[in-house]
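First up is the structure itself, then whatever we jot down about it.
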Amino acid sequence: MTLPIALVPRVAPARAMQWASPLLAIVLTLLAGALLFALMGQDPLQGLKVFLWDPLATRRGWSELGLKSTPLILCAVGLAVCFRANVWNIGAEGQLIAGAIAGGGIALLATRDSTRMFVPAVLAAAALGGAAWAAITAWLRDRFNANEILVSLMLVYVAQLLLAWLVQGAWKDPEGFGFPQSKLFETAARMPIVLAGTRLNIGFMLALVAVAALWLMLGRMVIGFQLKVAGLAPPAARYAGFSERRLLWFALLLSGALAGLAGGLEAAGPIGQLTPTISPGYGFAAIIVAFVGRLHPVGIVFASFVMALFYIGGELAQSRLGLPSALTGVYQGLLLFFLLACDTLILYRPVWRRPIAGAR
Amino acid sequence: MTARLALQGVTKRYGETLANDAISLEVMPGEIVAVLGENGAGKSTLMKIVYGVVRPDAGRIFIDGREVGIDSPARARALGIAMVFQHFVLFDSLTLAENVALGLPPEPLAALSARMLELAQRYDLEVDPAKRVHDLSVGERQRVEILRALMTAPRLLILDEPTSVLKPQAIDRLFGTLERLAADGVSVLFISHKLDEIRRVTHRCAVLRGGRLVATVDPLKETEASLARLMIGADPPSIAAHESPPGDVALSVTGLDTTHATERQHWLHGLDLDVRRGEIVGIAGVSGNGQAALMAALSGEWLDVKGSVRLFGDDVTRAPTLRRRALGLRYVPEERLGHGAVTALSLLENVVLTRDALRRGGFVHANEARRLAARLIDRFAVRTTGPDATAGSLSGGNLQKFIVGREIEAQPLVLLVNQPTWGVDVGAAAAIRNELIALRKAGCAILVVSEDLDELFELSDRLFVMSKGRLSPGVRPGEISVQEVGRWMSGLWPQKELQE
């Protein structure tokens, strides 16, 4: 049995399809999502409205979108640097948690009398923490040629357990009625709000600065060129004289620092303390974001908005329609699934099979 | 008699260019037909149409008098057509036997290996079925490809430049094979740039130019010059004569040894070699005998070597590529795609790859790179749409001209070239060789590794042969015959140093 459509390799990759593919994937995700609402006994249009429209109906909704997209952007642009260089860092989630631990550790030192100088200190510690966590992966890969996919992924669970151990032990709030969480950070160590009456803090601005900086770096600077060549053709990178080791360290340290920054911003931002679950999987969702955004900083900003919308929409669908919050994860999965399927069209052209003269 | 293959008005258009313009051609059973043409003349497209890789826009194809639609290579194979591609289609991590098995009906690997060895022996194709493809050199890979095609017992065999990597003796045997196959009624379509080969082995020669079939001639009634004229549409550029004595030693290799390393198949056993300014030193040999390791050690891509490499007296054995380039050493690798150039990147970006000055101050100097790329395209007559075209969009010969041009334009003091004209048409090959000779005249020390003996005899001031990681004594090309070099390729050179 053959399908009526055949995939024929294209002579050259379709450039337009490179950007059309994520858009097509988003449309297909929404269609499949609507079907999902119908199967769960909801009006699909009403479901989509709650999921995608209602979050954007208010100023507060928009500010939440910015807030939720901040860690996604920071993690995803860092991952884009890695992925472009064929460094498969899957552990942004762990680096984010390590950043939250380091940043949170500094934030816990703040007292009622501390100055705002604590904000940059918290951020710097968070970035260093994330970079240090990624450095473990870099070192194991560099020294022992360990597979960075496995190492970085496994370090996520180590980081999660480390955080759980801290908030249930040394850093546990003595007045927290036994809950596994630290005490609330003092105002001096909390991220300043940029939009009064909302939770949107300076993190969003920092994320946009990172996007601009990486855009410049990847598009114009030598290091970006080297990462690109190393990713596309390692023998050509060796031929040119680019050091693979240096690029490996650079990509991992940079993405680790950005993910760590995201963790610090979460802990000292909307959460305001250390809890065992600092992130609802931002570091993993950022992998999808990076690919939907075509590993391009600006594309990643838009992809982050879509993904942030799924997070907020999932919460709303839970509170208003009584649907399980796992819907967010299902939507993320659908998006990645459809993106991978649509990306086939970059290299292949679908054609209707027609009967061929002489073929039996 | 009905033709084995008949093409009628086959036309294929890619955007603006007509790759094949109403081509009609017949191949009789047992006939060996050469398809001759420059790069971009439409040979590959035509062969891909016959093999079902590309669908024609118009025209009809007949096999044994019956009209067929060849919509896939699987269909082509079912029709008894086999093809040996110029760019290999092998799975790196599989063994040779496994690669061959993929295209055939299920059969125990042991039986298949035995059949492979039998065929390999008959056609002098020297392969080990248990080896993995990633351990093989270009030459060995090509032998596997030829063998794989022969395993299907085809009725029409298409060969895209099959001889470029074979020893002279092996070429003779391959031609013997082709003649035997032809005697058995197998038709052969043979793409080649080598005019002497076409004259030796083929019965008829179809000349393509600019997508059109300009002539079908009897190669024996043509001279090499007249064939070249038909193909290019003008007289080919002639090779400049040698002159000027060599100067000081530029590149000096002593005791270069890699027998301690585990990662390469072909080790170097204590090589000694000097290359002087204003001299072209040629290294002959079947690829896979250590040439790749030698080039990697000299260029700086492989630093874990014993012995010493000196550039103008400076010890650079452990110096990275950038330092060697700063001292004037430049390198044209064997593999164009993914080594000498990044296919997905533009020509502009591929200029930045080895032009370190375009990467100064942390930024890529794109405007300068664009001007340089345009200059290279112009000076070396690279056929492309411009500096923004991707390297992968160029034909093999044009990309090679671009890469060689990029390194020559940098005015190197020492130039390493591995297979300067592999898969490059006559016109472009002559242009590249002339550039090398001009560079030699300007005082550059040039080391050329090639499997094309004609090329080495034409270019070299001194010639070495490499076999199993060892280097023969050096000789002047005038003092040795092609047949003798062929014997040396098996490692059978006189053990005492020849006195020069």
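For the full complex of protein chains and a 1.4 angstrom probe, list B:GLU479, B:GLU435, B:GLU161, A:GLU244 by accessible area with the highest value first. List each step's numbers first, then the result.
Numbers: B:GLU479 130, B:GLU435 40, B:GLU161 20, A:GLU244 90 Å².
Ranking B:GLU479, B:GLU435, B:GLU161, A:GLU244 by accessible area, largest first, yields B:GLU479, A:GLU244, B:GLU435, B:GLU161.
Any idea which of B:GLY423, B:GLY386, B:LEU453 is furthest toward the positive side of the dipole for region B:373-469, if Lys and Arg beta-carbons carry +1 and Asp and Glu beta-carbons -1?
Checked the options; the winner is B:GLY386.
Heavy-atom accessible area of B:LYS441 with all protein chains present, probe 1.4 Å, nearest 10 Å²?
Using a 1.4 Å probe on the heavy atoms, I get roughly 130 Å².
Are there trypsin sites (Lys or Arg not before Pro) in region B:270-366 that DSSP puts in a loop and that have at most 15 other Cβ atoms within 10 Å, and which ones? Could the numbers behind the result be given before it?
Numbers: sites: B:ARG276, B:ARG277, B:LYS306, B:ARG310, B:ARG318, B:ARG323, B:ARG324, B:ARG325, B:ARG330, B:ARG336, B:ARG355, B:ARG359, B:ARG360; in loops: B:ARG277, B:ARG318, B:ARG336, B:ARG355.
Qualifying residues, ordered by number: B:ARG318.
Name the residues whose placed amide hydrogens come within less than 5 Å of the amide hydrogen of A:ARG10, ignoring near sequence neighbours (fewer than 5 apart) on the same chain.
Residues meeting the amide H criterion: A:TYR348, A:ARG349.
Name the aspartates and glutamates eligible as straight-distance cross-link partners of B:LYS441: C-alpha to C-alpha under 20 Å, and not fewer than 8 places from it in the same chain.
In chain and number order, the partners are B:GLU243, B:ASP248, B:ASP274, B:GLU279, B:GLU407, B:GLU409, B:GLU455, B:GLU458, B:ASP461.
Calculate the length of the line joining the C-alpha centroid of region A:233-255 to that of region A:3-57, in whole Å.
What the calculation gives is 36 Å, centre to centre.
As a test of the formula, what do you get for chain A when each DSSP H run with n ≥ 4 contributes -39,500 (n - 2.57) and the sum is divided by the residue count, at 222 nm and rounded to the nearest 500 deg cm²/dmol? Present the calculation step by step, with values, prior to reporting the outcome.
Working: 13 runs with 237 residues, N = 360.
So the calculated ellipticity at 222 nm is -22500 deg cm²/dmol.
Using a 1.4 Å probe on the protein heavy atoms only, what accessible surface does B:LEU394 show? Give it in Å² to the nearest 10.
Surface open to solvent at B:LEU394 totals about 20 Å².
Would you please state which residues of region B:197-212 a label at B:GLU179 would reach in this model, taking the label point 7 Å out along Cα→Cβ and a backbone N cut-off of under 19 Å?
Answer for this model: B:197-205.
How would chain A be classified by its alpha-carbon gyration tensor: rounded, prolate or oblate, with rounded meaning a/c under 1.5 and the a/b versus b/c comparison settling the rest?
Values: a/c = 2.11, a/b = 1.31, b/c = 1.61.
It comes out oblate by the Cα gyration axes.
Give me the one-decimal nm value for the distance between modelled label points at B:TYR14 and A:MET40, 7 Å along each residue's Cα-to-Cβ direction.
5.0 nm
Over what distance in Å are the Cα centres of region A:142-218 and region B:276-292 separated?
57 Å
Looking at region A:228-281, which chymotrypsin sites (Phe, Trp or Tyr not before Pro) are DSSP coil and have at most 12 other C-beta atoms within 10 Å of their C-beta? Walk me through the numbers on the way to the answer.
On the way: sites: A:TYR239, A:PHE242, A:TRP249, A:PHE250; in loops: A:PHE242.
Within region A:228-281, no chymotrypsin sites (Phe, Trp or Tyr not before Pro) qualify (loop, at most 12 other Cβ atoms within 10 Å).
Once you have a ≥ b ≥ c as the square roots of the Cα gyration tensor eigenvalues for the protein assembly as shown, tell me rounded if a/c is under 1.5, and otherwise prolate or oblate according to whether a/b is larger than b/c. If you can, show how the numbers build up before the last one.
On the way: a/c = 2.44, a/b = 1.63, b/c = 1.49.
Prolate, since a/c reaches 1.5 and a/b exceeds b/c.
Can you list residues whose amide H is under 5 Å from B:SER467's amide H, if they're 5+ apart or on another chain and H is modeled 1.01 Å from N?
B:SER472
About the Cα centre, and with charges only on the beta carbon of Lys, Arg (+1) and Asp, Glu (-1), how big is the dipole of the protein assembly as shown? Nearest 20 debye, please.
Result for the protein assembly as shown is approximately 1720 debye, rounded to the nearest 20.
Using each residue's phi in region A:278-287, evaluate 6.51 cos²θ - 1.76 cosθ + 1.60 at θ = phi - 60° and report the 3J(HN,Hα) Karplus result to the nearest Hz, with x for Gly and Pro.
Per residue, the Karplus-derived 3J(HN,Hα) values read 6, 9, x, x, 4, x, 7, 4, 5, 5 Hz.
If DNA, RNA and ligands are ignored and the probe is 1.4 Å, what is the ranking of A:ARG141, B:ARG212, A:ARG112, B:ARG440 by accessible area, most exposed first?
Values: A:ARG141 70, B:ARG212 140, A:ARG112 205, B:ARG440 10 Å².
Final ranking, largest accessible area leading: A:ARG112, B:ARG212, A:ARG141, B:ARG440.
Using a 1.4 Å probe and ignoring any ligands, DNA or RNA, find the accessible area of B:TRP267 and quote it in Å² to the nearest 10.
Here the residue's solvent-accessible area equals roughly 100 Å².
Only sites in a loop by DSSP and with at most 15 other Cβ atoms within 10 Å count here; which GluC sites (Glu not before Pro) in region A:130-203 make the cut?
On the way: sites: A:GLU148, A:GLU175, A:GLU186; in loops: A:GLU175, A:GLU186.
Passing sites in region A:130-203 are A:GLU175.
Taking 41 Å as R0, compute the FRET efficiency from the Cβ-Cβ separation of B:ASN434 and B:LEU94 and round it to 0.05. Working shown, then result.
Details: r = 41 Å, r/R0 = 1.01.
Here the calculated transfer efficiency is 0.50.
Sort B:GLU145, B:GLU222 from largest to smallest accessible area, using a 1.4 Å probe on the heavy atoms of the protein chains.
Details: B:GLU145 5, B:GLU222 45 Å².
Descending accessible area places them as B:GLU222, B:GLU145.
Can you give the Rg and Dmax of region A:127-221 based on its C-alpha atoms, in angstrom?
Spelled out, the Cα radius of gyration and Dmax of region A:127-221 are 18.4, 54 Å.
Return the whole-Å distance between the Cα centroid of region B:361-428 and the Cα centroid of region B:450-466.
Spelled out, the Cα-based centre of one part sits 24 Å from the other.
Which pairs break 20 Å Cα to Cα here: A:LYS228/B:LYS401; B:LYS131/B:LYS468; A:LYS68/A:LYS183; B:LYS194/B:LYS221?
Numbers: A:LYS228/B:LYS401 24 Å; B:LYS131/B:LYS468 16 Å; A:LYS68/A:LYS183 23 Å; B:LYS194/B:LYS221 16 Å.
In this structure, A:LYS228/B:LYS401; A:LYS68/A:LYS183 exceed 20 Å between Cα atoms.
Given Cα pairs under 8 Å that are at least 6 residues apart, what percent is the relative contact order of region A:226-287? Intermediate results must be reported in sequence, preceding the final value.
Details: 23 pairs, mean separation 11.2, N = 62.
RCO, region A:226-287: 18 percent.
How big is the Kirkwood radius of chain B, worked out from every pair of different alpha carbons and given in Å to one decimal?
23.8 Å
Round to the nearest 0.05 the FRET efficiency obtained for B:SER308 and B:ARG360 when R0 = 35 Å and r is the Cβ-Cβ distance. Let's see the in-between values first.
Details: r = 31 Å, r/R0 = 0.88.
With R0 = 35 Å, the Cβ-Cβ based efficiency is 0.70.
How much of the accessible area of the protein assembly as shown, probe 1.4 Å, is carbon plus sulfur, in whole percent?
Working: 21380 of 36220 Å².
With neighbouring chains kept in place, the figure for the protein assembly as shown is 59 percent.
Using Cα pairs closer than 8 Å and at least 6 residues apart in sequence, work out the relative contact order for region B:433-500, in percent.
On the way: 52 pairs, mean separation 15.8, N = 68.
Once divided by the residue count of region B:433-500, the mean separation gives 23 percent.
Rounding to the nearest 20 debye, state how big the charge dipole of chain A is about its Cα centre with +1 on each Lys and Arg Cβ and -1 on each Asp and Glu Cβ.
Charge dipole of chain A: 1160 debye, to the nearest 20.
Residue by residue through A:228-236, how many Cβ atoms from other chains fall within 10 Å of the Cβ on average?
Details: counts 4, 7, 1, 2, 6, 12, 2, 9, 14.
Per residue, the number of nearby Cβ atoms from other chains is 6 on average.
In region B:331-378, which residues give up 30 Å² or more of accessible area once the other protein chains are added, compared with their chain alone (1.4 Å probe)?
B:GLY338, B:HIS339, B:VAL342, B:LEU345, B:GLU349, B:LEU353, B:ARG359, B:GLY362, B:PHE363, B:VAL364
To the nearest 0.05, what FRET efficiency results for B:ALA381 and A:ALA32 with a Förster distance of 60 Å applied to their C-beta separation?
0.65
Would you kindly derive the ³J(HN,Hα) couplings of region A:313-329 from the backbone phi angles with the Karplus curve 6.51 cos²θ - 1.76 cosθ + 1.60 (θ = phi - 60°), listing them in order in whole Hz, with x for Gly and Pro?
x, x, 5, 5, 4, 5, 6, 8, 9, x, 8, x, 6, 4, 3, 4, x
Any chance you could run the full-extension gain for B:GLN483 through B:THR254? It's 0.36 nm times the residue separation minus the Cα-Cα distance, nm to one decimal. Please report the intermediate quantities before stating the final value.
Numbers: separation 229, 0.36 × 229 = 82.44 nm, distance 2.89 nm.
Between B:GLN483 and B:THR254, full extension yields an extra 79.6 nm.
Spelling out what I want: for every residue of region A:117-133, take phi, set θ = phi - 60°, compute 6.51 cos²θ - 1.76 cosθ + 1.60 (Karplus), and round to whole Hz; glycine and proline get x.
4, 5, 4, x, 5, 4, 5, 5, 5, 4, 5, 5, x, x, 5, 5, 5
Rounded to the nearest 500, what is chain B's calculated 222 nm mean residue ellipticity when only DSSP H runs of at least 4 contribute -39500 (n - 2.57) each, over all residues?
On the way: 16 runs with 162 residues, N = 500.
Mean residue ellipticity at 222 nm (helix-derived): -9500 deg cm²/dmol.
The values are calculated or read from the model by the stated rules, or taken from the named source; none is laboratory data. Since the model is a prediction, treat every value here as computed from it, not as a measurement. Neighbour counts run over all protein chains shown; Cβ positions are idealised from the backbone, glycine included. Side chains are part of the model used for accessible areas, which takes the heavy atoms of the whole protein and leaves out ligands, DNA and RNA. Shrake-Rupley method; radii C 1.70, N 1.55, O 1.52, S 1.80 Å.
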